[in-house]
Amino acid sequence: MYTVIEAQREIPVYDSCDILVVGGGAAGHSAAIAAARAGAKNVILMERYGYMGGDATGGYVIMVPKLSWYDKSFVRGIQEEWFTRMKDIPGAVMGPSLDKIGWTDPIYINQWKSIHDCVSRRDFGGTQEPCLVRSVYFEPNQLKIEMDNMLREHADSIKVMYHTWGVRPIMEGSEVKGVFFESKEGRKAILAKTVIDATGDGDIYSQAGAPHHNLTEAGLRSSATALVWRIGGISWDAYTHWMNSTEGAFKMVFEGLQKIAGYRTMPLPSNQNDICWMNNWLYEMNSANVADLTQTEMKVRESIRRVLDFLKETIPCAFRDAFLYDIAPQLGARCSRRLIGEYVMSANDFAFANQFEDVIAWHSTICQINDCGPVEIPYRAILPQKIENLLAPGRHLSADKASIDWLNLIPQCVGTGQAAGVAAAVAVEEGTTVRNVNIKKVQDILVEQDVPLPRNDKFRAKDPTYEEMVKAHNYGLDTEMARKAREGAKGVQGYRQW
Ligand SMILES: Cc1cc2nc3c(=O)[nH]c(=O)nc-3n(C[C@H](O)[C@H](O)[C@H](O)COP(=O)(O)OP(=O)(O)OC[C@H]3O[C@@H](n4cnc5c(N)ncnc54)[C@H](O)[C@@H]3O)c2cc1C
């Protein structure tokens, strides 16, 4: 490659802190909040755009799935707090309420079955009777406001820096000592005892020298970029009624849209009956590659009018008055770089219900192998190899190419972010590093922050029924896929998410 030499120059130190979080998406925002609540007094949260939330707000990924399994809510903590804080704001959130999860009453099942993932499914060989699932649809602009509110409540300990782009770690040998950033003020430095890389694309850990993979593989959901847009003036009820009562409807829409758009795209419900979001998948695209990012933006925008016309003509009962409501202000990135951390999560962790001493999240998610039951995420999945003072929660965590599809979802980003924040706060308080942090203390604080954890005495004292319930349902492992994995000595092989 043709190169030029950049002249050496002195960089002003803008600030110094105990914990620097780079990236204010689901993971980074949660990390900063959790660190402050765990006692950290000097946290800086740096974000390249002018709002928090990343994919969840700016990318219009407005659906958070599977926070519960049977009658228990597993994904709690800061993730559940988003929704309980917004529940009384008209139009801000929609989904089965916490007090109704696990309900099997046909009246409620009928009410929610047309809203994706709000009712448990058996189509992957699971044994669950259809029941209500805590999956939440939300208005992204309301969430932006609420995420700011949460930060404002910790204004004494979190300094927010919008419109700042973390560009390079400051290294001393294998130790991260801070980050250089670029902004309208030019290039400056922030020094920090611990850095949390929550950029989603491993911008910091990749340059620090932490082992990682790049993920752009044909057919993988995580190797697809998107530019989400919303359609107004529709009736989602009429759309689902048409889908269920018209022979070949799904094929007609799925294949028709793919042909018209030139990539895979489908409407999904939103927090309102008269608005839907167009999810899309541009495969084999890397969200850390400029050419791929540019192509995603231009290809999707170029197709929007054709897609709208197709939906109006094909499904007039639902889309007759449809119009382009808005286009997400930022591109949707599912995955690019993935950490090869101290532990790499795999599909076998789901198929064997693996248990970890250093568990930091016990999450129900969309994985069909264990019937969407809870999986344990260990601290080592956000801990880089070889590099000190650095954590990496969120969609770029350490997971193989199959399991990343179930672990890069918003709840898992919030959950690993929350744990990273607590771990960093404990390390600072005890004068140690995040590698050597007292994990038992981290777990106890997470439980105090409303995070359910297995085999934890404090959590058992709060609610002893979780572990019994999970055992009673055999960890969700009565599915065909889990059986096959356990019968084959090598576990789950070659599994791909649609
Ligand atoms: C189209 C699409 C559909 C999806 N569907 C679902 C779904 O239905 N449900 C679900 O739960 N999940 C879904 N996902 C996945 C989920 O939205 C993301 O994986 C998750 O939101 C990522 O959170 P994060 O905080 O790890 O990363 P991000 O949301 O990407 O946040 C990273 C943040 O860091 C900032 N940043 C990046 N680099 C820098 C830098 N160098 N310096 C400063 N700031 C930086 C970014 O601006 C951003 O705010 C979907 C994703 C996409 C794209």
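When a footprinting reagent is the concern and you count Cβ atoms within 10 Å, what order do Val167, Val228, Val195 take, fewest first?
Val167, Val228, Val195
Would you calculate the separation in nanometres between label points at Glu297 and Lys184, each defined as 7 Å from the Cα along the Cα-to-beta-carbon direction?
1.9 nm
What does the charge add up to near His473, with Lys and Arg as +1, Asp and Glu as -1, over the other residues with Cβ less than 12 Å from its Cβ?
Working: positive: Lys72, Lys471; negative: Asp71, Glu129, Asp371, Glu467, Glu468, Asp478.
Result for the neighbourhood of His473: -4.
Quick one: if you stick a label point 7 Å off each Cα along the C-beta vector at Lys87 and Glu357, how many nm between them?
Taking the two extended label points, one gets 3.9 nm.
If you keep only loop residues by DSSP, which trypsin sites (Lys or Arg not before Pro) in the stretch 1-44 have at most 11 other Cβ atoms within 10 Å of their Cβ?
Those that pass, being in a loop and sparsely packed, are Arg9.
Using 1/(1 + (r/R0)^6) with R0 = 22 angstrom and r between the beta carbons of Val167 and Ala7, what's the FRET efficiency to the nearest 0.05?
Values: r = 16 Å, r/R0 = 0.74.
Approximately 0.85, to the nearest 0.05.
Taking the Cβ of each residue in Phe459, Phe323 as the centre, tally the other Cβ atoms inside 10 Å and list the residues starting with the fewest. Write out the running numbers ahead of the final one.
On the way: Phe459 21, Phe323 11.
Fewest-to-most Cβ neighbours within 10 Å comes out as Phe323, Phe459.
Show log10 I(q)/I(0) for the stretch 225-333 at q = 0.09, 0.17 Å⁻¹, two decimals, from a solvent-free Debye sum over equal Cα scatterers.
Debye output, listed in q order: -0.22, -0.76.
Within the stretch 1-80, report the chymotrypsin sites (Phe, Trp or Tyr not before Pro) that DSSP leaves as loop and that have at most 13 other Cβ atoms within 10 Å. Let's see the in-between values first.
On the way: sites: Tyr2, Tyr14, Tyr49, Tyr51, Tyr60, Trp69, Tyr70, Phe74; in loops: Tyr2, Tyr49, Tyr51, Tyr60, Tyr70, Phe74.
Sparse-neighbourhood loop chymotrypsin sites (Phe, Trp or Tyr not before Pro): Tyr2.
Mind listing which GluC sites (Glu not before Pro) in the stretch 1-63 are in a DSSP loop and have 10 or fewer other Cβ atoms within 10 Å?
Passing sites in the stretch 1-63 are Glu6, Glu10.
What helices does the chain hold that run 20 Å or longer along their axis, going by alpha-carbon atoms, with a Kyte-Doolittle average of -0.5 or more, using DSSP H for the helix calls? Don't jump to the answer; show the numbers that get you there.
Details: long enough: 290-314 (35 Å, -0.41); 410-430 (30 Å, 0.81).
For the chain, where a helix must reach 20 Å along its axis and average at least -0.5, the hits are 290-314, 410-430.
Values in this text are rule-based calculations from the coordinates and carry no lab data. In this text the structure is predicted, and so the values were computed from the model without any measurement. Cβ sites come from the backbone with ideal geometry, for glycine too, and all protein chains shown count toward neighbours.
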